[in-house]
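For reference, the structure discussed in these notes is given below.
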Amino acid sequence: MEIIRIVGIALIALIIIILLKQYKKEFAVYISLLAGVLILLLVMDKFEGIIDLIRSIANKSSINTEFISLILKITGIAFLAEFAVSICNDSGETAIANKIEIGSKIIIISMSIPIFSSLLELILKILPS
């Protein structure tokens, strides 16, 4: 099971970080970053399976594939931003973490505009005039 690998990597990284903080605090961030990247690499194939499933469902239905692509990109941005924010918070840089959160939210909102406008058009079509 992959969860055992994920927890194992996290626990090993945690022990190394606790030991390193006593001697070299600056290396603890590198271990945290390395552990995060390893965990992301472990679950990357699961992302591919999820994306393939969503695309196959979209192809079978009448959902616009551009919207599916946008939603997947938005989800990816949210995951990457959360990862970066966690790394910044772990290293004590909360100001940078806050800027990443704001920036990612603005990007997500701007990418969502086509979906919102399409939804509004659909609502306007349904409502009686």
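Shown here: log10 I(q)/I(0) by the Debye sum over Cα atoms at q = 0.13, 0.15 Å⁻¹, derived from the displayed model; of the candidates (1) -0.47, -0.63; (2) -0.74, -0.89; (3) -0.66, -0.80, it corresponds to (2). Shape class for segment 27-82, computed from the alpha carbon gyration tensor (a ≥ b ≥ c): oblate, with a/c not under 1.5 and a/b at or below b/c.
For the pair Ser61 and Tyr30, label points projected 7 Å from Cα toward Cβ lie 4.7 nm apart.
For the chain, which whole-number percentage of the solvent-accessible area (1.4 Å probe, protein heavy atoms only) is attributable to carbon and sulfur atoms? Before the final figure, lay out the partial values.
On the way: 6930 of 9700 Å².
Here carbon and sulfur together make up 71 percent of the probe-accessible area.
The residues neighbouring Asp52, those whose beta-carbon lies less than 14 Å from its own, together hold a net charge of +1 under the Lys/Arg +1, Asp/Glu -1 convention. Total lysine pairs in the chain at Cα distances under 29 Å, for residues eight or more apart or on different chains: 11. Once all protein chains are placed together, Ile16 keeps about 70 Å² accessible to a 1.4 angstrom probe.
Taking all protein chains together, Leu38, Leu124, Leu19 sort by accessible area into Leu124, Leu19, Leu38, largest first [probe 1.4 Å]. Once both labels are positioned 7 Å from their Cα atoms along Cα-to-Cβ, the gap between Lys46 and Glu101 label points is 2.5 nm.
Once the C-beta distance of Ile6 and Met111 is scaled by a Förster radius of 25 Å, the resulting FRET efficiency is 0.30 to the nearest 0.05.
Given the rule -39500 (n - 2.57) for each run of at least 4 DSSP H residues, summed and divided by the residues of the chain, what is its mean residue ellipticity at 222 nm, to the nearest 500 deg cm²/dmol? Display every interim value, and only then the final one.
Details: 4 runs with 117 residues, N = 129.
Calculated mean residue ellipticity at 222 nm is -32500 deg cm²/dmol.
The string of couplings for segment 112-117 from the Karplus curve (6.51, -1.76, 1.60, θ = phi - 60°) is 7, 4, x, 5, 4, 5 Hz, one whole number per residue in order, with x for Gly and Pro. Computed 3J(HN,Hα) for segment 41-56, one whole-Hz value per residue from the Karplus formula 6.51 cos²θ - 1.76 cosθ + 1.60 where θ = phi - 60°, is 5, 5, 9, 4, 5, 5, 4, 4, x, 5, 5, 4, 5, 4, 5, 5, glycine and proline marked x. Computed over protein heavy atoms with a 1.4 Å probe, the accessible surface of the chain works out to 75 Å² per residue.
From Cα pairs below 8 angstrom and at least 6 apart in sequence, can you work out the relative contact order of the chain, rounded to a whole percent?
Values: 64 pairs, mean separation 23.1, N = 129.
For the chain, the relative contact order is 18 percent.
The values are calculated or read from the model by the stated rules, or taken from the named source; none is laboratory data. Since the model is a prediction, treat every value here as computed from it, not as a measurement. Methodologically, a virtual Cβ is constructed for each residue, glycine included, from the backbone with ideal geometry; neighbour enumeration extends over all protein chains shown. Note: areas computed on protein heavy atoms with side chains; ligands, DNA, RNA excluded. Shrake-Rupley method; radii C 1.70, N 1.55, O 1.52, S 1.80 Å.
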